[in-house]
Amino acid sequence: MIGGVVTIIFLIVRVIPGDPAAVLLGTHATAELIAEQRAKMGLDRPLAVQYALFLRQVAVGDWGRSYHEGRPAFAIVLERLPATLELAAAAIAATLVLSVLLGSLAARRIQSTADYAIGVLSLVGQAIPNFWLGLVLILVFARTLRWLPSFGRGTPWHLVLPAVTLSVQLIGVMTRLIRAGIVETAGQDYVRTARAKGLAEPAVMTRHVYRNMLIPVVTMLGLQLGSLVAGVVVVETVFAWPGLGRLIVTAINNRDYPVVQASVTFVAALFVGLNLLVDLTYAALDPRIRYT
């Protein structure tokens, strides 16, 4: 899969209109200077030759040097990684906490006003585009109320609006799933038996209900990682968050091929690794599952 990503991103960045040499030299550069710069970058060679040289570099861990910064592309990716991980971790934490609370409340009060309200809010949360929600939050909480900063990174307050924007769609999905899982699991015979034996309700929920509904929840969380990655690109751009998402957008605009190739491939590898971790988690959640 990673090999396919490497090939696809190599071809895609070269299909995007725009000459990296012309972008680097500016609008006043002559055709001779642009041609000379293309030769220095190796862009004057046939595409097949460029691809072969690129694969040879990648095989030894060399992703090339940024056209604009003159530094190794992979080093730039690693510099931006902590900011993205911080934002993603905050969004996932908010998703898990709020979706469990809202899903549990809705499941305990089926067909009540709270249940209907949570259901409507979940659907609305799923439907709201990230970029639109981010702009609305900036307008309300940063510009009008002046409670929170609207861009950048540095304090925990800078994290609030981007994390909320990134987590809203995930909360909508996970809340509905958790509600349905609790309702289905709570009706099982072993749960009724536990209650009949006099087991306290918190223990029933923890040992029998939540534990047995974790696998579908973890599965859905793994499936939503792709949406999370896509959302990070949008959210980091809206809030000027200095992470991988903003780096990718900036590199694409600058036609910085090495940085685009290194960052997109790294994100794809990270996505594959997280999904593998989700699969391995199944064995810990359900002793009946074993990998050979």
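May I ask you to say which residue of LEU280, LEU221, LEU274, LEU270 is surrounded by fewer than 18 Cβ atoms within 10 Å (Cβ to Cβ), in contact with a helix residue (DSSP H, G or I) (Cβ under 9 Å, 6 or more places away or on another chain), farther than 30 Å from PRO20 by Cβ and of a type in the set (A, V, I, L, M, F, W, C)?
Details: LEU280 fails: in contact with a helix residue (DSSP H, G or I) (Cβ under 9 Å, 6 or more places away or on another chain); LEU221 fails: surrounded by fewer than 18 Cβ atoms within 10 Å (Cβ to Cβ); LEU270 fails: farther than 30 Å from PRO20 by Cβ.
The unique qualifying residue is LEU274.
Mind telling me which of the residues ARG207, ARG288 ends up being in the same structural domain as LEU148 (by TED's automatic domain parsing) and modelled with pLDDT under 80?
Only one candidate qualifies: ARG207.
Got a sec? Which of GLY70, GLY61 is touching a residue at least 12 places away in the same chain (Cβ under 8 Å), exposed (fewer than 15 other Cβ atoms within 10 Å of the Cβ) and part of a loop (DSSP other than H, G, I, E, B)?
GLY61
The rows are residues; the columns are (1) in a helix (DSSP H, G or I); (2) under 25 Å from GLY226 (Cβ atoms); (3) in contact (Cβ under 8 Å) with a residue 24 or more places away in the chain.
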{"residue": "LEU87", "(1), (2), (3)": "yes, yes, yes"}
{"residue": "ILE92", "(1), (2), (3)": "yes, yes, yes"}
{"residue": "ALA106", "(1), (2), (3)": "yes, no, yes"}
{"residue": "LEU121", "(1), (2), (3)": "yes, yes, yes"}
{"residue": "VAL124", "(1), (2), (3)": "yes, yes, yes"}
{"residue": "VAL191", "(1), (2), (3)": "yes, no, no"}
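Checking THR237 against (1) surrounded by 17 or more Cβ atoms within 10 Å (Cβ to Cβ); (2) assigned to a loop (DSSP other than H, G, I, E, B); (3) in the same structural domain as ARG108 (by TED's automatic domain parsing), only one condition comes out false. Which one?
Failing condition for THR237: (2).
Condition check ((1) crowded, with 16+ Cβ neighbours inside 10 Å; (2) among the β-branched types (Val, Ile, Thr); (3) within 28 Å of LEU274 (Cβ to Cβ); (4) in contact with a strand residue (DSSP E or B) (Cβ under 6 Å, 6 or more places away or on another chain)) across all residues:
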{"site": "ALA93", "(1), (2), (3), (4)": "no, no, yes, no"}
{"site": "VAL97", "(1), (2), (3), (4)": "no, yes, yes, no"}
{"site": "LEU105", "(1), (2), (3), (4)": "yes, no, no, no"}
{"site": "TRP132", "(1), (2), (3), (4)": "no, no, yes, no"}
{"site": "SER150", "(1), (2), (3), (4)": "yes, no, no, no"}
{"site": "LEU161", "(1), (2), (3), (4)": "yes, no, yes, no"}
{"site": "VAL164", "(1), (2), (3), (4)": "yes, yes, yes, no"}
{"site": "GLY172", "(1), (2), (3), (4)": "yes, no, yes, no"}
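Can you name every residue in the range 1-38 that is part of a helix (DSSP H, G or I) and among the polar types (S, T, N, Q)?
The answer is THR7, GLN37.
The values are calculated or read from the model by the stated rules, or taken from the named source; none is laboratory data. Just so it is clear, the model here is predicted, and its values are computed rather than measured. Cβ sites come from the backbone with ideal geometry, for glycine too, and all protein chains shown count toward neighbours.
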